[in-house]
Each structure stands twice: as C-alpha cells, then as structure tokens.
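The structure appears right after this line, and notes come after that.
The values are calculated or read from the model by the stated rules, or taken from the named source; none is laboratory data. Keep in mind it's a predicted model, so treat the numbers as computed, not measured. Cβ atoms come from the backbone with ideal geometry, glycine included; neighbour counts cover every protein chain shown.
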Amino acid sequence: MEEIKEQVGHMPRIGELAPAFEAVTTHGVLKLEDFKGSWLILFSHPADFTPVCTTEFIAFSEIHPELQKRGVELLGLSVDSVSSHIAWARNVEEKTKVKIPFPIIADLNKEVSLAYGMIHPGQSKTETVRCVFIIDPNQKIRTILYYPLTTGRNMDEILRIIDALQTTDKNGVATPANWRPGDKVVVPPPNTQEMAEERLKQGYECVDWYLCKKKL
Amino acid sequence: MACVSPDGKPTESGTKMLRALQTGLKSPEEIAKNTGLPLFRVRSGLRELTQAGLADQKEDSYTLSEKGAGLIK
C-alpha cells in the first residue's frame, strides 16, 4: 500500500494552488512561477517517439496559435531526458514539418509527475498517463483531465474549456452542456426565495427559477 | 541553458534580451514586449543572465552588467 502511494504521489484538486516546481525543459530551466499572469496548460504524455503522443504533439502545436490569442501557454511533460525530447521534436519537424513551439519538461526523477499525480500504476508504473491541468493566471488549478494511454486527447474540448473558463471569469456566469462561444450562458441560481421570485421577472430565458439562460 | 551557452556566451534569445537592456532598466514585461519572447522565457532567461553575471537585478527590473555590455558590443 505504501509503495503504491509513493508511486502515485499527491493528487491535486480543482481549486487548489498548482504545486510549485522547477524543472529542466527543452527551453531551459523553468519554474511554475515563470508562468504567473498567463493561463497555462500543463500536460503529460507517456513517452517520446510513440505514435499517439506524436499525433497529440502535432495537434497541440496546431492549436498553439489559438491558445496564444487567449493568453494561454503550453507546457508538456514526460519521464524522458531532455535529449530525447529534443531528438523527438526535431524528428517530428523533419517528418511532418510541424515545429513544436512550446517547452517540454524532462521529468526523469518524476518530481513533477508525482506532485501532480500523473503516474497511475494501474496503467503504467514508469510512464505518465495523459493528464491535462489547466492553471489560471493566479496559478490555481481550474480543470483536470485524465486520459488513458490508448486515447489521444481532443483539442476542440481543451479550447472549449479555456473559452468556458474565461467566459465564466469575465462575466460571472456558468456554461451549459455542450456550450460553445456565442451560445447562451447559464445565470447563477438565486440563493434566496426573494431572489428566486425576482429571477422570473428579469427577462431571462427560464425553464424555472433555478435554470435561466441569457445571451452575452 | 536557454539563454547562456555552456561557454558562457549568450544564445540568440539571450542576446536579444541583453540588447533590450541596452536602453536602461527594464521589467520582464517590457523585455517580453521589446523582444517578442514569451514572458515565461524572459523570466527564466533573466535568471540565467543574472547568474552568469551578464545582467543585474534591481528590485523587479533588470539592467545590463558591465560583462553583458562587453559581450554585445
């Protein structure tokens, strides 16, 4: 039991401050605090030079310009050396003409992987699963996604989550299922009976007092 | 290191940052704006340049050191 705990490490939760780190990356030594003021997507992949990870890195590189427009930085991670990351990034560029524009952590000692609960021994004791941590400009964890080794991530969903979080922060609203930018948003439910009665008179599109939507 | 080579000389991005410091004391945000480098790269780069003695930190801003100025002449 203790051994498994040691392999899993801490499991961070949404709403907590992201665990601080200082790590060797393909862009030099980076600290989490270097990203303060920007949104950050910290994501792990199982290993360099593997097929699903290669498709994901190409896909992350392709959405990089869209992320930049939204003030989001990308930071990859795996339990590989920096030389392996550099060789893989160069190989991807040579074979597919896609340049990897973001840094990748070489987490050989698993310090960051364990701090973020990226090792799931039921899947692999040595490789990180496909994690996505969306960290806000105040370095708070806002979203956590875990995918198994065999399933590549969906970039549309990652962009959609960023849009949803930024819309929530800007307007103090929530977003309904399958929300896309431009769709109606959910008005936070009232907290008192008086507010519930008033809610129905406020001109929102309401199913009932607790489910009202509005156009932004 | 990303901004300083093992031989102690600044890399291309390191040189860009040192040149941005030629005009006086600058914050990391100003350097990012001047160089077009991402802010996280500027922050980590400034750490390296300072450790290598090529830049000096004054509170939250940075300036070119004598050694740094000599390298980008």
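Within the range A:67-90, being without any contact (Cβ under 8 Å) to a residue 40 or more places away in the chain and not small (Gly, Ala, Ser) holds for A:GLN68, A:LYS69, A:GLU73, A:LEU74, A:ASP80, A:ARG90.
I'm checking my understanding of the structure. Among residues of the range A:26-56 that are among the β-branched types (Val, Ile, Thr) and in contact (Cβ under 8 Å) with a residue 24 or more places away in the chain, which one is farthest from the other protein chains (Cβ to nearest Cβ)? Outline the logic, then answer.
If we filter the range A:26-56 for residues that are among the β-branched types (Val, Ile, Thr), which is where we start, we get A:26, A:29, A:41, A:50, A:52, A:54-55.
From what is left, the residues that are in contact (Cβ under 8 Å) with a residue 24 or more places away in the chain are A:26, A:41, A:52, A:54-55.
Details: A:THR26: 9, A:ILE41: 13, A:VAL52: 27, A:THR54: 24, A:THR55: 25 Å.
So the residue we want is A:VAL52.
Taken together, the residues in the range A:150-172 that are surrounded by fewer than 18 Cβ atoms within 10 Å (Cβ to Cβ) and part of a loop (DSSP other than H, G, I, E, B) amount to 5. Looking only at the range B:15-36, which residues are within 10 Å of chain A (Cβ to nearest Cβ) and either of a type in the set (Lys, Arg) or buried (at least 20 other Cβ atoms within 10 Å of the Cβ) (or both)? Residue satisfying the conditions is B:PRO28 alone.
If you go through the range B:13-36 and keep only what is in a loop (DSSP other than H, G, I, E, B) and of a type in the set (A, V, I, L, M), you end up with just B:LEU25. When residues of the range B:37-56 are filtered for being surrounded by fewer than 15 Cβ atoms within 10 Å (Cβ to Cβ) and either at pLDDT 95 or above or assigned to a helix (DSSP H, G or I) (or both), how many remain? Total meeting the criteria: 1.
Here the range A:92-118 is the region considered, the condition is being among the β-branched types (Val, Ile, Thr) and in contact with a strand residue (DSSP E or B) (Cβ under 9 Å, 6 or more places away or on another chain), and the residue that is surrounded by the most Cβ atoms within 10 Å (Cβ to Cβ) is A:ILE104. Considered as a group, the residues in the range A:9-25 that are more than 9 Å from every other protein chain (Cβ to nearest Cβ) and over 15 Å from A:GLN139 (Cα atoms) include one that is modelled with the lowest pLDDT, and that residue is A:GLY9. Selection of first residues in the range B:44-73 that are within 14 Å of chain A (Cβ to nearest Cβ) and of second residues that are part of a loop (DSSP other than H, G, I, E, B) and polar (S, T, N, Q), restricted to Cβ pairs under 7 Å at least 6 apart or on distinct chains, gives the following pairs, ordered by first then second residue: B:ASP60/B:SER27. Remark: A:GLU66 falls outside the filter, which requires a residue to be in contact with a helix residue (DSSP H, G or I) (Cβ under 8 Å, 6 or more places away or on another chain), of a type in the set (Asp, Glu) and not in a helix (DSSP H, G or I).
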